[in-house]
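Remarks on the structure that follows.
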Amino acid sequence: MAQAKNRMAVVLEMIKFEHSVFALPFALVGAILAARAANSLPAWRQILWIVVAMVGARSAAMTMNRIADRRYDGQNPRTANRAIPKGELSVAFAWTFTVIASVVLVVAAWQLNPLALKLSPVALAILFLYSYTKRFTSLSHFVLGFCLGMSPAAAWIAIRGSLDWRMLILCAAVTLWVGGFDVLYACQDVEFDKSSGLYSIPKKFGIAHALLIARGMHIVMIALLAWLALSFQLPWPAWMGVFLVAALLAYEHSLVRPNDLTKMNAAFFAVNGYISLVFLLFWGAAAIVMRR
C-alpha cells in the first residue's frame, strides 16, 4: 500500500496535477457561457465529464511530454530530478499511463455528445504534437498555448454539440496567455537550448526581447477578453475580472527581469493560478447573472 501511494505521488508530481487549475477554469467558463446562451446552466453531469476529460487530456499530454523529453530532461540540470531520468518511473509505465489517460478522455467525450467523441482523437493528436515542436520551431510556445486554448471551445462543444465563433476569441486569449508565460519560463533554459539544438523565442531573440514579446502577448490577451465580454454583452463582473487579470499579469511581469529570473517560479505557478481562478470567479458570476 505504501509503495502504491509513493508511486501515485511520483505520477502526480510528473504530470504537475495541481497545475490543472491553469486550464480547467477557462473550460468551465466556456461551459457556463454555452449553457447561458441557451438560457440555462450546465448540468452537474456535464460538468463532471468535462472535468474528467480535462484531467485525462492534461495527464496524457504531460506524460507524453516527459516521455518525449526524457533525454533532454536528464541532461538539463534544472530538470534532471524528474521521475523518468531519475529512474523513479519507467518509460513503459509512462506509456501505459498515457494510454490510460487517453482512454479516460475518449470515454468522457463519449459521455458528453457525438461531436465531442469524434473530435477527441484530434485533440489528443494536437496535445502529443506539442512535445516535438521545440525540436524544429520557435513557435512551440504558441502550440502549447493552443493545447490549453482548445479547452473553452471543447467545453462549449461538450455542452451544445456545436461551436460558436465567439469561443475562438477565448481560445486565442488562452493561447496567448499560456504561450506568453511559457516564453517567460523558457528564459531559464536559454543556454541549454543553445547547446541541445532546441528552439525557443528566448533563444532566438534573447531574454530581454523575449520578455517584451511575452508582455505583448498578454496585452493582446486582455484586448481579446474585452472583445469577448462585449460580444456576449456580459455585465460588470466580467469587466472586473478583466481588470484583475490585467493587474495580475502586470505583477507577474514585474517579477522577472532580463538579469534576474530568480522569482520565475512565483510568476509562473502562483500568479497564473490566481489568474485562472479570478477569471472563473468573475466571469462565471457574470454569465450566471446576465440577462437573456
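Quick notes on this one:
- Gain upon complete extension [residue 93, residue 75; 0.36 nm per residue less C-alpha separation]: 4.4 nm
- Once the C-beta distance of residue 212 and residue 37 is scaled by a Förster radius of 25 Å, the resulting FRET efficiency is 0.10 to the nearest 0.05.
- Of 86/134; 86/118; 204/263; 118/204, those spanning more than 32 Å from alpha-carbon to alpha-carbon: 86/118; 118/204
- Distance-filtered residues of the range 45-89 - backbone nitrogen under 18 Å, label point 7 angstrom along residue 9 Cα→Cβ: 81-84, 86-89
- Percentage relative contact order, the range 116-204, counting C-alpha pairs under 8 Å, at least six apart: 34 percent
- Choice from 71, 160, 58 with maximal GNM fluctuation in the chain (Cα, 10 Å cutoff): 71
- Here the relative contact order of the range 29-126, from alpha carbon pairs under 8 Å that lie six or more residues apart, stands at 32 percent.
- Electrostatic bookkeeping for residue 193 treats Lys and Arg as +1 and Asp and Glu as -1; over the other residues with beta carbon under 10 Å from its beta carbon, the sum is +2.
- Gyration tensor verdict on the range 60-137 (Cα atoms; rounded if a/c is under 1.5, prolate if a/b is larger than b/c, oblate otherwise): oblate
- The slack in the chain from residue 260 to residue 205, taken as 0.36 nm per residue of separation less the alpha-carbon distance, amounts to 18.1 nm.
- Simple rule: put +1 on each Lys or Arg Cβ and -1 on each Asp or Glu Cβ in the range 2-289, find the dipole, and look at 127, 171, 218; the Cα lying farthest toward the positive end is 127.
- Cα gyration tensor, the range 89-132 - rounded (a/c under 1.5), prolate or oblate: oblate
- Label point 7 Å beyond Cα of residue 68 along Cβ direction - residues of the range 124-138 with amide nitrogen under 12 Å: 124-137
- Site pair residue 168 and residue 122 shows an inter-label distance of 1.3 nm when each label is modelled 7 Å from Cα along Cα→Cβ.
- In a simple Cβ point-charge model (Lys, Arg +1; Asp, Glu -1; nothing else charged), the chain has a dipole of about 300 debye relative to its Cα centre.
- Per residue Cα convex hull volume in Å³ - calculated over the range 203-243: 60 Å³
- Mean sequence separation of contacting Cα pairs (under 8 Å, at least six apart), scaled by the length of the chain, corresponds to a relative contact order of 20 percent.
- Charge dipole of the range 21-179 (Cα centre as origin; +1 on each Lys and Arg Cβ, -1 on each Asp and Glu Cβ, all else neutral): 160 debye, rounded to the nearest 20.
- In terms of its Cα atoms, the chain spans 56, 45, 35 Å along the principal axes, sorted from long to short.
- Highest-fluctuation residue, 106, 122, 242 considered, GNM on the chain with Cα pairs under 10 Å: 122
- Only one residue of 262, 244, 96 has its Cα farthest out toward the positive end of the dipole of the chain, where Lys and Arg carry +1 and Asp and Glu -1 on Cβ, and that residue is 96.
- The range 189-292 shape via C-alpha gyration tensor axes, a/c threshold 1.5: prolate
Each reported figure results from applying straightforward, stated rules to the coordinates on display, with no laboratory input. Because the structure is a prediction, the values reported are computed rather than measured. Methodologically, a virtual Cβ is constructed for each residue, glycine included, from the backbone with ideal geometry; neighbour enumeration extends over all protein chains shown.
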